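Worksheet: one structure, shown below.
The values are calculated or read from the model by the stated rules, or taken from the named source; none is laboratory data. Because the structure is a prediction, the values reported are computed rather than measured. In this analysis, Cβ positions are derived from the backbone assuming ideal geometry, glycine residues included, and neighbour counts consider all displayed protein chains. Surface accessibility is based on the protein's heavy atoms, side chains included, excluding ligands, DNA and RNA. Shrake-Rupley method; radii C 1.70, N 1.55, O 1.52, S 1.80 Å.
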Amino acid sequence: MSRKVLAALGGAVLALSMAACSGEGAGSGGNDSDKPADLTIGVSMPTQTSERWIADGNSVKEKLTAKGYQVDLQYAGDDIPTQSQQIDQMILRGADVLIIAAIDGTALSGQLQAAADAKIPVIAYDRLIRDSPNVDFYVSFDNYKVGVAQATALLVGLGVQNKDGSKGEAKGPFNIELFAGSLDDNNAHFFFKGAMDTLKPFIDEGTLKVKSGQTKIEQVATLRWQQETAQTRMEDLLTSSYNDKTKVDGVLSPYDGISRGIITALQNAGYRDDIPVVTGQDAEIASVKLINDGVQNSTIFKDTRLLAEQAVVAGEAFLQEKTPEANDTETYDNGVKVVPSYLLPVETVYKDDIQKILIDSGYYTAEEVAAGQAKG
Ligand code: BGC
């Protein structure tokens, strides 16, 4: 029986909860006689509503296809059952490796058990999959440092700190508000922790005031990172905490989509040249334009091309029955084990950095930045 047939059967066997599947397991990570064209990598992405995941999916697919592999790329529309089903299907269709960016990092234990039973290595892509022993590798960025960089950009934007880390001229006090990402995404916690560790001394000394009093991640989180949810919360904050003619000076935002929701709420409330310092993440083209136009303060650039490359390197290592190279084996405890990780660095992009970091590197063209739209 061919490996592929075994692979398909492996999934079925699992479904029937039959324990023994002796001999070569389904999707057993390939061997020397396998040609790339015989091997399929299942790539499960969360959503197409945010550009970054489209870029991630395309990059991973292109790189794998260029090496001759088959790619089964699926987007789950930010719906947890859809993602679970798509991964079930990938296993049944005989995937040899799975690359997964989870919607809810705690919701995939069943699928990961099925993958492990079928001997399919699992790579968590950018978002750690939690509560499962069956995560073999993690590729991401330094997520704590993303939070530090966001908070630092807020401090620099307010003039409290200079770009070189020295103390800025501005004394404050400044009114700020805080936003975090989706609580079911492990990254949201890392971003917020990095940011709060950086902001806390300034809050403690009174330079920064969170006027709403909402400083706990549970109070400031944004389910599924949704722009509309963030807009509504910002509108509510303006009505409840800034109805006394005081102004918001800065907003910590963890993601460009959330930033755009916040900016829309602020503009609807009349903010123009006095728009607060709003941070971001992902260098989404619409936000890069806002930064270029002086509306959004900054974003954190995570080069998805490099992340995709790392996922491919790790995937190939598993297919060759090797252990992928990790550069962090301590930070990412998923509740069951510390998952060996490869973490990439991030860069803060202010208006002055757009040319060098985003255009010269070929991530966007100058025309795309001016239009605020990427050309497919
Ligand atoms: C990613 C961020 C992204 C966010 C929303 C996080 O897991 O690390 O880059 O902004 O999800 O999509």
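Looking across segment 240-278, just one residue is within 12 Å of the ligand (Cβ to nearest atom) and of a type in the set (Val, Ile, Thr), and that is ILE258.
For ALA230, the criteria (1) open to solvent by 20 Å² or more (accessible area, probe 1.4 Å); (2) not in a loop (DSSP other than H, G, I, E, B) hold in every case but one, which is (1).
For segment 198-227, filtered to residues that are more than 14 Å from the ligand (Cβ to nearest atom) and among the small types (Gly, Ala, Ser), the residue that is most open to solvent (accessible area, probe 1.4 Å) is GLY213. Applying the criterion of being open to solvent by 20 Å² or more (accessible area, probe 1.4 Å) and within 13 Å of the ligand (Cβ to nearest atom) to the residues of segment 36-81, the residue that is nearest to ALA314 (Cα to Cα) is ALA55. The lone criterion from (1) within 16 Å of the ligand (Cβ to nearest atom); (2) open to solvent by 30 Å² or more (accessible area, probe 1.4 Å); (3) in contact with a Pro (Cβ under 9 Å, 6 or more places away or on another chain); (4) within 30 Å of ASP236 (Cα to Cα) left unmet by GLY157 is number (1).
Taking the criterion of being touching a helix residue (DSSP H, G or I) at 6+ places or on another chain (Cβ under 7 Å) and open to solvent by 10 Å² or more (accessible area, probe 1.4 Å), the residues of segment 137-152 that qualify are TYR144, LYS145, VAL148, THR152. Among the conditions (1) within 12 Å of the ligand (Cβ to nearest atom); (2) touching a Pro at 6+ places or on another chain (Cβ under 8 Å), ALA195 misses just one, which is (1).
When residues in segment 282-312 are screened for being more than 19 Å from the chain's Cα centre (by Cα) and surrounded by 16 or more Cβ atoms within 10 Å (Cβ to Cβ), 7 of them pass.
Taking each residue of segment 237-257 that is at pLDDT 95 or above and looking for partners that are open to solvent by 50 Å² or more (accessible area, probe 1.4 Å) and within 16 Å of the ligand (Cβ to nearest atom) with beta-carbon atoms closer than 8 Å, six or more apart or interchain, yields GLY257/THR49; GLY257/GLN226; GLY257/GLN227. Residue pairs whose Cβ atoms lie under 6 Å apart, separated by 6 or more positions or on different chains, with the first residue in segment 277-306 and over 16 Å from GLY372 (Cα atoms) and among the charged types (D, E, K, R) and the second at pLDDT below 95 and more than 11 Å from the ligand (Cβ to nearest atom), do not occur. Filtering segment 342-371 to residues that are farther than 16 Å from GLY157 by Cβ, of a type in the set (A, V, I, L, M, F, W, C) and open to solvent by less than 30 Å² (accessible area, probe 1.4 Å) leaves LEU343, LEU344, ILE357, LEU358, VAL369.
Might you check whether a residue that is open to solvent by 10 Å² or more (accessible area, probe 1.4 Å) and under 17 Å from the mean Cα position of the chain (by Cα) occurs anywhere in segment 117-127? Checked against the condition, which is being open to solvent by 10 Å² or more (accessible area, probe 1.4 Å) and under 17 Å from the mean Cα position of the chain (by Cα), segment 117-127 yields at least one hit.
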